[in-house]
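Reading through the structure tokens given below for one structure.
The values are calculated or read from the model by the stated rules, or taken from the named source; none is laboratory data. These figures come from a predicted structure and were not determined experimentally. Cβ sites come from the backbone with ideal geometry, for glycine too, and all protein chains shown count toward neighbours.
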Amino acid sequence: MKFSTLTDRVKGGAADAWDLHYLAKLARERGDDVIVLSVGDPDFATPPAIIDKACEAMRDGDTHYTQICGHEDLRATIAAKHAASSGQAVGAENVILTSGAQNALFATSMCLLDHGDEAIVLQPMYVTYEATIQAPGATLVPVVLDADTEFRLDPDRLRNAISERTRAIFYASPSNPTGVALNHDEVQMIADMARRHDLWVVADEVYADFVFNGHFHHVASEPGMEDRAVTIGSMSKSYAMSGWRLGWAIAPTELIANIDKLALCMLYGLPGFIMQAGKYAIDHCAGDRDRMCEIYQARLDYLYQQFSAMPGLAPHRPDAGMFMLVDVRGTGLEVPEFCQRLYDTAGVSVLDATAFGASAAGHVRVSVTVPDDELREACARIGAFLETLD
Ligand SMILES: Cc1ncc(COP(=O)(O)O)c(C=O)c1O
């Protein structure tokens, strides 16, 4: 039977990197002695008070269809939080709720891009971006951030990537996989290009609550960005709610109206009890969120210190998030072989970071989404594994 050309465009090219992860996950579920450092799903349970709120809302009958763009009170809460952090004047009318940030990214891409358009993406990039940008028929133009410069943005590369066909710049800050949060100069540079060339900027900020030791820079804060900035966010990481599938886009009202039309035929609204739980989380669970942030930071500090002392490994210290990129070229092994042998001999799974783009070649992505004792054990095993390589 014939399928649409869309099915080719959403295939994406990096699926192989996950084979080892799925193998490790299955082995772990079977009870094998395996430590999975290859996934970005928080190891914390969703705070119990959030679960209680969802149950209460269900019992109270919030189990029917809802407004397509989402509960107004939650949209107002998200808008107020964003306004307080970015200084951008937004209200509930600038927010649409979606099934996770991924759904918001996809809907935004479908509403902004067309066949023949180009979208710039800072690379290394989150793996779904390729398919998300190709879905409407657009071409992804990578702007490569080099490991040698700690994945900082080179203004000339950004400038040179822009063509007549460019419609948008997509990026995740803080980034998955690099953990880099763009600094003010970089954000200004992106805003400047967007204004000059009349571009949209889609800023994926799902890790913005987990920035260590510093201020976070929103592109939406920059002058002249109110008509062209789209901010993507989510409950998945901040409140350990990845399975609840609650995210959003914050954008000019005209774009929100267009995404709303798409959401009508794609999603038809989110569960009301999940939105009630999401509002409760933002209103009452900042303490849980900040505690998780501190724990991720402590774990990443520990990893950095451990890996820095191991022969053949060169870790990059992240500014934020729950991941670390580690250059393993010093071990003399190709990355797929490194990952496979580490798994076979030590039962530790890490991800070949090439999946995130060529500039992450030679690196593995290590997640700190396991309890502290497991992380310590994983480090001991990685150290022992490296010693077997001489
Ligand atoms: C950079 C980035 N954007 C978006 C997502 C998707 O998040 P959500 O669970 O809200 O769909 C992820 C998930 O890992 C991510 O790392």
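Table for the structure above
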| item | result |
| --- | --- |
| Filter pass, Gly312 being surrounded by fewer than 21 Cβ atoms within 10 Å (Cβ to Cβ), at pLDDT 95 or above, at negative phi and away from the ligand (no atom under 16 Å from the Cβ) | no |
| Per-region count, segment 146-169, residues surrounded by fewer than 17 Cβ atoms within 10 Å (Cβ to Cβ) and under 15 Å from Leu199 (Cα atoms) | 5 |
| Filter result (assigned to a helix (DSSP H, G or I), buried (at least 20 other Cβ atoms within 10 Å of the Cβ) and within 16 Å of the ligand (Cβ to nearest atom)) within segment 22-51 | Ile50 |
| Residue list for segment 350-390, restricted to those being in a strand (DSSP E or B) and of a type in the set (A, V, I, L, M, F, W, C) | Leu351, Val364, Val366 |
| Some residue of segment 336-349 being touching a Cys at 6+ places or on another chain (Cβ under 8 Å), surrounded by 19 or more Cβ atoms within 10 Å (Cβ to Cβ) and part of a loop (DSSP other than H, G, I, E, B) | no |
| Unique residue being more than 30 Å from Ser163 (Cβ to Cβ), over 21 Å from the mean Cα position of the chain (by Cα), surrounded by 15 or more Cβ atoms within 10 Å (Cβ to Cβ) and of a type in the set (A, V, I, L, M) when the list is Ala281, Ala277 | Ala277 |
| Residue list for segment 221-240, filter: among the aromatic types (Phe, Trp, Tyr) and without any contact (Cβ under 8 Å) to a residue 40 or more places away in the chain | none |
| One residue from Phe338, Phe323 being at pLDDT 95 or above, touching a Gly at 6+ places or on another chain (Cβ under 8 Å) and aromatic (Phe, Trp, Tyr) | Phe323 |
| Of the criteria (1) part of a helix (DSSP H, G or I); (2) at pLDDT 95 or above; (3) over 18 Å from Ala281 (Cα atoms), which one Glu56 fails | (3) |
| Leading residue by the ranking (farthest from Ala79 (Cα to Cα)) among those in segment 89-107 that are within 16 Å of the ligand (Cβ to nearest atom) and touching a helix residue (DSSP H, G or I) at 6+ places or on another chain (Cβ under 7 Å) | Phe106 |
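Yes or no, residue by residue, for (1) modelled with pLDDT of 95 or more; (2) of a type outside the set (Asp, Glu); (3) over 22 Å from the mean Cα position of the chain (by Cα):
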{"residue": "Val187", "(1), (2), (3)": "yes, yes, no"}
{"residue": "Ile190", "(1), (2), (3)": "yes, yes, no"}
{"residue": "Met193", "(1), (2), (3)": "yes, yes, yes"}
{"residue": "Trp200", "(1), (2), (3)": "yes, yes, no"}
{"residue": "Asp204", "(1), (2), (3)": "yes, no, no"}
{"residue": "Asp209", "(1), (2), (3)": "yes, no, no"}
{"residue": "Ala220", "(1), (2), (3)": "yes, yes, no"}
{"residue": "Met235", "(1), (2), (3)": "yes, yes, no"}
